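Participant: Here's a structure for you.
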Amino acid sequence: MKKCNNCYKIYYRKELKKNLNVCPNCGLHNQLSAWERIDSLFDQDTFEEWDQSMTSSNPLSFPDYEEKIEKDRKKTGLNEGVVTGKGLIDGQATAFAVMDAGFRMGSMGSVIGEKIARAIENAKNESLPFIIFTASGGARMQEGVLSLMQMTKASVAISRFSEAGGLMISVMTHPTTGGVSASFASVGDYNFAEPGALIGFAGRRIIEQTIREELPDDFQTAEFLMKHGQLDKVVHRHDMKHLLKTLLEMHAKGGVGK
Ligand SMILES: [Zn+2]
């Protein structure tokens with residue numbers, strides 16, 4: 001059983017799962033794991049995973065980092081906080097990267113940056129579009145400046161991909177914050193978000209203290225960003241597959257991303 005954090009209605013976990021973790025009563029979009037998301041979008045048995053075995057080292061010898069990684073590996077069944085690969089969405093081929101907020105809170109370490117950059121390179125070489133689902137608590141502090149460098153690495157890969165005519169779709173999910181929001185999450189040809197997703201660079205309190213002003217209640221939500229022209233659409237999870245399929249089909253016909 002699980003109680004909705006928003007409307008407090010109680011559900012069987014199975015019921016919630018069937019509804020893609022969206023509360024049937026109030027529509028709250030609970031997080032999906034990377035594989036749950038991939039399963040919800042891609043045609044069965046059509047995806048191929050890339051760089052599955054790539055793992056983090058501990059470049060700064062940060063205390064307890066390896067243990068923390070190991071714990072999250074067991075918890076999520078992933079080697080790192082992003083799954084990349086290619087597959088078919090309703091028959092339309094695309095490359096993808098899906099981040100998982102359950103792994104080190106989706107914090108961006110070197111492996112995440114490297115896997116995303118490689119996935120974009122592969123998409124370019126195979127003339128595939130690229131779809132990214134972001135979920136991130138920000139930089140991974142245990143990797144210091146190496147973590148910050150991932151923003152540049154991924155952004156350069158996107159820029160090359162874009163120059164080659166590639167189509168990139170970004171979908172920001174809850175939460176997409178810090179360096180990820182400030183770099184590759186926001187530079188798609190289409191930028192979407194899930195309802196209610198927290199999206200922003202710095203935390204609310206830090207901004208309020210800096211500008212000495214109170215911020216509106218809906219500040220840093222997907223809906224707030226949409227209202228201020230920072231997003232193309234807020235997309236309900238149940239409509240996502242159809243929208244992505246439509247866009248992929250449209251661009252395939254027009255020759256973009258091919
Ligand atoms: Zn609810």
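The values are calculated or read from the model by the stated rules, or taken from the named source; none is laboratory data. The model shown is predicted, which means the values in this text are computed figures rather than measured ones. Neighbour counts are summed over all protein chains in view; Cβ atoms, including those assigned to glycine, are modelled from backbone coordinates with ideal geometry.
Participant: Taking the conditions exactly as written (in contact (Cβ under 8 Å) with a residue 60 or more places away in the chain and either surrounded by fewer than 22 Cβ atoms within 10 Å (Cβ to Cβ) or of a type in the set (Asp, Glu) (or both)), does Asn79 satisfy them or not? Give the derivation first.
Facilitator: Details: in contact (Cβ under 8 Å) with a residue 60 or more places away in the chain: no; either surrounded by fewer than 22 Cβ atoms within 10 Å (Cβ to Cβ) or of a type in the set (Asp, Glu) (or both): yes.
Answer is no for this residue.
Participant: Exactly one of these conditions fails for Leu148: (1) touching a Lys or Arg at 6+ places or on another chain (Cβ under 6 Å); (2) closer than 30 Å to Gly165 by Cβ; (3) surrounded by fewer than 24 Cβ atoms within 10 Å (Cβ to Cβ). Give me its number.
Facilitator: Unmet condition: (1).
Participant: Here's a check for you: in the range 50-69, which residue that is surrounded by 13 or more Cβ atoms within 10 Å (Cβ to Cβ) and charged (D, E, K, R) is nearest to the ligand (Cβ to nearest atom)?
Facilitator: Lys68
Participant: Within the range 1-105, which strands (runs of 3 or more DSSP E) (wholly inside it) include 1 or more residues that are among the polar types (S, T, N, Q)?
Facilitator: Values: elements: 48-50, 82-89, 92-99.
Strands (runs of 3 or more DSSP E) meeting the threshold: 82-89, 92-99.
Participant: Kindly evaluate Arg160 against the criterion of being touching a residue at least 24 places away in the same chain (Cβ under 8 Å) and closer than 17 Å to Gly188 by Cα.
Facilitator: On the way: touching a residue at least 24 places away in the same chain (Cβ under 8 Å): yes; closer than 17 Å to Gly188 by Cα: yes.
The answer is yes for Arg160.
Participant: Name the single residue, out of those in the range 166-213 being of a type in the set (Ser, Thr, Tyr) and in a helix (DSSP H, G or I), that is modelled with the highest pLDDT. Spell out how you get there, then give the answer.
Facilitator: Looking only at the range 166-213, we keep the residues that are of a type in the set (Ser, Thr, Tyr), and these are 170, 173, 176-177, 181, 183, 186, 190, 210.
From what's left, in a helix (DSSP H, G or I): 181, 186, 210.
On the way: Ser181: 87, Ser186: 87, Thr210: 91.
Only one residue tops the list, namely Thr210.
Participant: Right, another one. Could you run through the range 95-104 and say how many residues are of a type in the set (A, V, I, L, M) and over 12 Å from the mean Cα position of the chain (by Cα)?
Facilitator: If we filter the range 95-104 for residues that are of a type in the set (A, V, I, L, M), which is where we start, we get 95, 97-99, 101.
Add one more test, that the residue is over 12 Å from the mean Cα position of the chain (by Cα), and what stays is 95.
Here the count works out to 1.
Participant: On to the next question. Determine whether Asn30 is over 16 Å from the mean Cα position of the chain (by Cα) and within 16 Å of the ligand (Cβ to nearest atom).
Facilitator: Criteria not met by Asn30.
Participant: Using the structure shown, decide if Gly113 is more than 23 Å from Gly165 (Cβ to Cβ) and buried (at least 24 other Cβ atoms within 10 Å of the Cβ). It would help to see each step written out before you state the result.
Facilitator: Working: more than 23 Å from Gly165 (Cβ to Cβ): yes; buried (at least 24 other Cβ atoms within 10 Å of the Cβ): yes.
So Gly113 fits the description; yes.
Participant: Among the listed residues Tyr8, Tyr12, identify the single one that is more than 10 Å from the ligand (Cβ to nearest atom) and over 22 Å from the mean Cα position of the chain (by Cα). Don't jump to the end; show me each part of the working.
Facilitator: Values: Tyr8 fails: more than 10 Å from the ligand (Cβ to nearest atom).
Answer to the selection: Tyr12.
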